[in-house]
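These notes are about the structure you will find just below.
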Amino acid sequence: MAKKNSNNNNIGGGGSIPVKCSFCGKEPSYTDIMVPSPLGEAYICSDCVDQIEGLLKEYLNEGHPQKSSHKKSGKENHAPAGKLPTPKEICDFLDQYVIGQDDAKKYLSVAVYNHYKRLAQTRDEVDIEKSNIIMVGPTGTGKTLLAKTIARQLDVPFAIVDATVLTEAGYVGEDIESLLVRLLQAADYDVEKAERGIVFIDEIDKIARKGDNPSITRDVSGEGVQQGLLKLLEGSVVNVPPNGGRKHPEQKMIAVDTKNILFICGGAFDGIERKIAHRLNTHVVGFTGHAVRAKVDSDNYLKYIAPQDLKSFGLIPEIIGRLPVLVHLDPLDRDALLKVLTEPKNAIIRQYEKLFAMDGVKLVFEPETLGFIVDKAIEYKLGARGLRTIVETIMIDPMFETPSAKVKELTITREYAEEKIKKAYIG
């Protein structure tokens, strides 16, 4: 082994063989250690050893034992469609975490399955286009939870971004490209992995323009953002600043191709029911109008939502066309809210039971107490999120007192829950 020495560039008998790295050609004076080969007159420097170690770690972390090159070829190395869960399996997995919303689960399962079949497609005459998704539903019905759960099952890079912080290029706020920074971070800056991920754009309804007609004035956080999203949703190579923030001339950019990224958009679209009702009523004029109106479920207008309703709300036609899968989520009724409270793997009641169990206390909710919590959530019209608000209000005193008290079991009665809600001046 030759150590760094500026006065010794030869090794062996008579000093006739020059010592230099067989990989990069460096001499011992430019490196720390020179390692000789036991089989011949070859050497490798410590710098090349470090580079090889990094390549080996990257290779092993990717988990591709058959992969011999990191370069992209004409046929991309995606998982074959046979290893992907079927739409039925995806839906069954969603059932463990999300209560109800059967139509939304079916649409999402099929869309995600087709998306990853498309990634496994080899070059062919038929080019399968991707189908981005837009979910419309009241607050607290599970839009974000559905997207999170699907990403967890498929084990792909997943990022949740908020559309409310986006502004048109050149204005204070975040650039459109910043949507992909979170996805790159989720993929540990592996661009190839990120280009197969899922981006959930929440609060998409907050970037709607103020009316159905094009804006006369500049709408930097509404229509301008929608126009900036067009190429991102459809598929194009986008230069992404790796650390987020505003672009600088000297900042190094990462090129990301969004062609294979699945975009799922979600929004409450508060007030869109009035536009749906107006559209439905325009088709029931005449003697048969009353019979047609009787068939319309006035308690859930969202089930009749159509692309023209999104246009009336303020989304531009171009962005609606790039979100071809339109899914509605139903408001949660009393039975569904009761199941949300107790049945899913991450149910609210189970979370509190776990918190008390960590202190050695068995927590019990009486059935009448659960019914009272659900009734209050319906009264406040906050969906599943309202359940946690009410339970937290009821449990704040027990969570404060129980860790200090020597109690082995705690039962929450309806009378106790009513007293706490009344004391908190809710309602």
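The values are calculated or read from the model by the stated rules, or taken from the named source; none is laboratory data. All values reported here derive from a predicted model rather than from experimental measurement. Cβ sites come from the backbone with ideal geometry, for glycine too, and all protein chains shown count toward neighbours. Only protein heavy atoms, including side chains, enter the accessible area calculation; ligands, DNA and RNA are left aside. Shrake-Rupley method; radii C 1.70, N 1.55, O 1.52, S 1.80 Å.
Summing Lys and Arg as +1 and Asp and Glu as -1 over all other residues whose Cβ lies under 11 Å from the Cβ of residue 140 gives a net charge of +4. For the peptides 136-144, 371-379, the ranking by packing is 136-144, 371-379, with the highest mean count of neighbouring Cβ atoms within 10 Å listed first. Taking GluC sites (Glu not before Pro) across region 129-191, the ones in a DSSP loop with at most 13 further Cβ atoms lying within 10 angstrom of their Cβ are 129. With a simple spin-label model that places each label point 7 Å from the Cα along the Cα-to-Cβ direction, the separation between residue 191 and residue 406 comes to 6.6 nm.
Using r as the Cβ-Cβ distance of residue 128 and residue 255, and R0 as 25 Å, what FRET efficiency do you calculate, to the nearest 0.05?
Numbers: r = 23 Å, r/R0 = 0.94.
Here the calculated transfer efficiency is 0.60.
Computed from phi, the 3J(HN,Hα) profile of region 297-310 under the Karplus parametrisation 6.51, -1.76, 1.60 (θ = phi - 60°) reads 7, 6, 7, 8, 5, 5, 5, 9, 5, 9, x, 5, 6, 5 Hz, with x in place of Gly and Pro. Radius of gyration (Cα atoms) of region 318-427, expressed as a multiple of 2.2 N^0.38 Å: 1.30.
What are the semi-axes of the equivalent ellipsoid of region 324-376, taken as the square roots of 5 times the eigenvalues of the Cα gyration tensor, listed largest first and rounded to whole Å? Don't skip to the answer; put the middle values down first.
On the way: eigenvalues 155, 48, 8 Å².
Largest first, region 324-376 gives 28, 16, 6 Å.
The charge dipole of region 93-136, taken about its Cα centre with unit charges on the Cβ of Lys, Arg, Asp and Glu (plus for the first two, minus for the last two), comes to roughly 120 debye. Translational diffusion of region 86-181, estimated by Stokes-Einstein from the Kirkwood radius over alpha carbon pairs at 4 °C in a medium of 1.567 mPa s, is 84 µm² per second. Of 278, 115, 328, the residue with the largest accessible area leads and the full order is 278, 328, 115 (1.4 Å probe). For the listed residue pairs 130/252; 303/345; 20/57; 311/339; 143/339, the alpha carbons are over 23 angstrom apart in 130/252; 303/345; 20/57; 311/339. Taking amide H as placed 1.01 Å from N in the peptide plane, the amide H of residue 257 sits under 5 Å from that of 238, each at least 5 places away or on another chain. With each label modelled as a point 7 angstrom along the Cα→C-beta vector, the residue 353-residue 243 pair spans 4.8 nm.
How would 340, 112 line up by accessible area, probe 1.4 Å, largest first?
Working: 340 25, 112 0 Å².
The residues order as 340, 112, largest area first.
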